[in-house]
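The values are calculated or read from the model by the stated rules, or taken from the named source; none is laboratory data. These numbers come from a predicted model, not from an experiment. Every residue, glycine among them, receives a Cβ derived from its backbone with ideal geometry; neighbour counts consider all protein chains shown.
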Amino acid sequence: MAKITKADVEYVAGLAQLTLDEATKEKLVGEMGDILAYMDKLNELNTDGIEPTMHVLEMSNVFREDEVQPSLDREAALANAPKTDGEYFLVPKILDTGDE
Amino acid sequence: MKYEPVIGMEVHVELSTKSKVFCGCSTNFHAPANSNVCPVCLGMPGVLPVINKRAVEMSVMVGLALNCTISRWSKMDRKNYFYPDLAKNYQISQYDLPLCHDGFIDIKANGTSKRIGITRAHLEEDTARNTHTIGGGDSGVDFNRCGVTLLEIVTEPDIRGAEEAFAYLTELKQLLRYLDVSDCNMEEGSLRAEANISIRPTGTESFGTKTEVKNVASFSGIQKAIEFEIARQAKLIDEGGKVVQETRGWDADRGITFSQRAKESAHDYRYFPDPDLVPIVVDEAWEGRIRESLPELPQARRARFESGYGLSAYDAGVLTAEKEMADYYEAVVKQGCAPKQAANWLSVELQALLTEHKQELTASKVTADRLAAMLKLIEDGTISGKIAKEVLLDMFESGKEPKAIVEEKNLVQISDTSAIESAAREVIAANPGPVAEFRSGKEKTFGFLVGQLMKATKGKANPQMANEVLRKVLKETE
């Protein structure tokens, strides 16, 4: 049973902003399908009465106090920017759709 | 056709933690661009975010004030999307297990009380600010805001009109200000509201297609945007068209909403638990401690002002609208001043001066102690209410004690009958015409004569005595 179609691969590639050639798409149809098939295998297990694992770490409540620590110098912060005017990170003009 | 609007609101509020939610960078809004940044909030690889405890506590405070259930166990998730406002290509947020859920807030709109359901309030990080005014066709990104503590508060689709939406926002802002968890400054973006709006034929149950209106700079702007959007959707449907699910912006100058982006096939954010951050457990003991730390909330205070001080619902509402005003008022009343008189002098007279001079109450030279001292001078008859206005203005400008002003300017009220009597005789002698008119039955002229008497005593005559004495002398000299 085909778990993954080429359209699925193209959709996921689109979300990740990746451009894939045809051969890679075909390859991924197989690989992603295998991963989902393995999930089916896991689904065969009886998990009645078992708490869902919401997080892999056993720890909880690791906090820091609300204290201000030194920040980077602006020069250092901008050092690796592909483009900057010394104040801002410069990026190709974006349409402000204000995502969040 | 008749339609009923169905509205849900999403409010993003920046919580006023001193440092960011996952790193120690300052949250100072006025810092130069990209100066409050570090490898964590810049999204560098290999860094480890650690959650700010105060951010959790403030979120729980808001949740409790909104009558929410506080999750015993919650976690942070990654919301994945590509946009220059987030360098790591995901926002740390909460997906299926928000810190606070299933609450409500009561609002007053159109003269009636109404309960608005709160679906959830979850903790997340704010994003960087994009600047489009940079020359050369580029956009600038400032990461100072990235990582600032953000709480997103989502309502049920319980709101039925622009006025209710306005009332909800006003009530919510007041609550947040009382909790002292945010300055709620819309201009600086520390409170941002979005409305999901749809309409349906009145009396039906199913929902219509919604549009999302965002990027509105004021509560009144949101009210207008919602009004516009309801009318636009109704016209569209009446003319046989269909509402398209999309994000719409608000053009305040033209008073219209406009399409910003079609929401094709809803966003696919592929949320998953953030492996860098461990779960948050708020047990009963911690929740209890936070609950005990809550201040008296606006609705409780309003009710207490009405019952405890005998104020009208209107006065209680005005005095409790801002926490600072309510605190000031109580400081005055505590000194033994009559509650109604104090309410009037504060919310009318002093407020008028503050508004005129664009001054904050807390910055005024008229402190609660000084206003109380002045009210006492009125109550014990030292000055009249009219003179008190002059004293108030002097205090407002000079910051002097009211008693000193009264002595300096010789404003003590004349309550000495003989002094008022002789002034009354002078007024009668000087105004034979009006006096004759009054005696021929023109009662209105009496007011003019009282005015003359007050003028002759430079406003210092005890007004009630002035009335009585003038009538008496008029009769005697008839």
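Could you tell me whether B:ASN36 is of a type in the set (S, T, N, Q), assigned to a strand (DSSP E or B) and within 13 Å of another protein chain (Cβ to nearest Cβ)?
no
Of the residues making up region B:262-285, at least one is assigned to a helix (DSSP H, G or I), over 23 Å from the mean Cα position of the chain (by Cα), at pLDDT 95 or above and not aliphatic (A, V, I, L, M).
Filtered by the rule that a residue be in a loop (DSSP other than H, G, I, E, B) and either closer than 25 Å to B:ASN67 by Cβ or of a type outside the set (A, V, I, L, M) (or both), region B:286-326 gives B:LEU294, B:PRO295, B:GLU296, B:LEU297, B:GLY310, B:SER312, B:ALA321, B:GLU322. Candidates in region A:66-80 are the residues that are more than 7 Å from chain B (Cβ to nearest Cβ) and among the small types (Gly, Ala, Ser); of these, the one that is nearest to B:CYS38 (Cα to Cα) is A:ALA76. Return yes when B:GLU194 is surrounded by fewer than 18 Cβ atoms within 10 Å (Cβ to Cβ), assigned by TED's automatic domain parsing to the domain that holds B:VAL13 and of a type in the set (Asp, Glu) and no when it is not. It is false that B:GLU194 is surrounded by fewer than 18 Cβ atoms within 10 Å (Cβ to Cβ), assigned by TED's automatic domain parsing to the domain that holds B:VAL13 and of a type in the set (Asp, Glu). Looking at B:ALA429, B:ALA423, B:ALA404, which one is in the same structural domain as B:LYS455 (by TED's automatic domain parsing) and surrounded by fewer than 16 Cβ atoms within 10 Å (Cβ to Cβ)? Testing whether each residue is in the same structural domain as B:LYS455 (by TED's automatic domain parsing) and surrounded by fewer than 16 Cβ atoms within 10 Å (Cβ to Cβ) leaves just B:ALA429.
Evaluating B:ALA372 against the criteria (1) assigned to a helix (DSSP H, G or I); (2) within 24 Å of B:ARG177 (Cα to Cα); (3) of a type in the set (A, V, I, L, M, F, W, C) leaves one unmet condition, (2). Take the conditions (1) surrounded by 12 or more Cβ atoms within 10 Å (Cβ to Cβ); (2) more than 24 Å from B:PRO275 (Cα to Cα); A:PRO82 misses just one of them, which is (1). Once region A:1-26 is narrowed to residues that are among the acidic types (Asp, Glu) and away from every other protein chain (no Cβ under 14 Å), the residue that is nearest to A:ASP40 (Cα to Cα) is A:GLU26. Among the residues of region B:395-424, those that are closer than 15 Å to B:LYS460 by Cβ and assigned to a helix (DSSP H, G or I) comprise B:ILE405, B:VAL406, B:GLU407, B:GLU408, B:THR417, B:SER418, B:ALA419, B:ILE420, B:GLU421, B:SER422, B:ALA423, B:ALA424. One residue stands out among those in region B:114-138 that are crowded, with 16+ Cβ neighbours inside 10 Å and charged (D, E, K, R): the one that is nearest to the other protein chains (Cβ to nearest Cβ), which is B:ASP138. For region A:38-61, does any single residue satisfy the condition of being within 14 Å of chain B (Cβ to nearest Cβ), of a type in the set (Asp, Glu) and under 30 Å from B:ASN34 (Cα atoms)? No: zero hits. Checking each residue in region A:81-100 for being at pLDDT 90 or above, part of a loop (DSSP other than H, G, I, E, B) and facing chain B (nearest Cβ under 8 Å) picks out A:LYS83, A:ASP85, A:GLU87, A:TYR88.
Among what's in region B:151-165 and is among the charged types (D, E, K, R) and touching an Asp or Glu at 6+ places or on another chain (Cβ under 7 Å), pick the residue that is surrounded by the fewest Cβ atoms within 10 Å (Cβ to Cβ). Result: B:ARG160.
For residues that are at the interface with chain A (Cβ under 8 Å from one of its Cβ atoms) and buried (at least 18 other Cβ atoms within 10 Å of the Cβ), scanning just region B:13-25, find the one that is nearest to B:ALA217 (Cα to Cα). Only one residue tops the list, namely B:THR17.
Applying the condition of being in contact (Cβ under 8 Å) with a residue 12 or more places away in the chain and among the charged types (D, E, K, R) to region B:228-256 and asking which residue is farthest from B:VAL13 (Cα to Cα) yields B:ASP238.
Yes/no matrix, rows are residues, columns are (1) in contact (Cβ under 8 Å) with a residue 60 or more places away in the chain; (2) surrounded by fewer than 16 Cβ atoms within 10 Å (Cβ to Cβ):
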| position | (1), (2) |
| --- | --- |
| B:LYS214 | no, no |
| B:ALA217 | no, yes |
| B:ILE226 | yes, no |
| B:SER259 | no, yes |
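Picking from residues in region B:305-324 that are under 11 Å from the mean Cα position of the chain (by Cα) and among the aliphatic types (A, V, I, L, M), the one that is farthest from B:LEU371 (Cα to Cα) is B:ALA321. Selection of first residues in region B:75-92 that are facing another protein chain (nearest Cβ under 8 Å) and without any contact (Cβ under 8 Å) to a residue 40 or more places away in the chain and of second residues that are surrounded by 17 or more Cβ atoms within 10 Å (Cβ to Cβ) and of a type in the set (D, E, K, R), restricted to Cβ pairs under 8 Å at least 6 apart or on distinct chains, gives the following pairs, ordered by first then second residue: B:GLN91/A:GLU100; B:GLN91/B:ARG78; B:GLN91/B:LYS79; B:GLN91/B:GLU124; B:GLN91/B:GLU125.
Taking the numbered list (1) in contact with a Pro (Cβ under 7 Å, 6 or more places away or on another chain); (2) hydrophobic (A, V, I, L, M, F, W, C); (3) part of a helix (DSSP H, G or I) in turn, A:MET54 passes all entries but (3).
Among the residues of region B:457-478, which ones are within 13 Å of B:LYS386 (Cβ to Cβ) and either touching a Cys at 6+ places or on another chain (Cβ under 7 Å) or not in a helix (DSSP H, G or I) (or both)?
The answer is B:THR457, B:LYS458, B:GLY459, B:LYS460, B:ALA461, B:ASN462.
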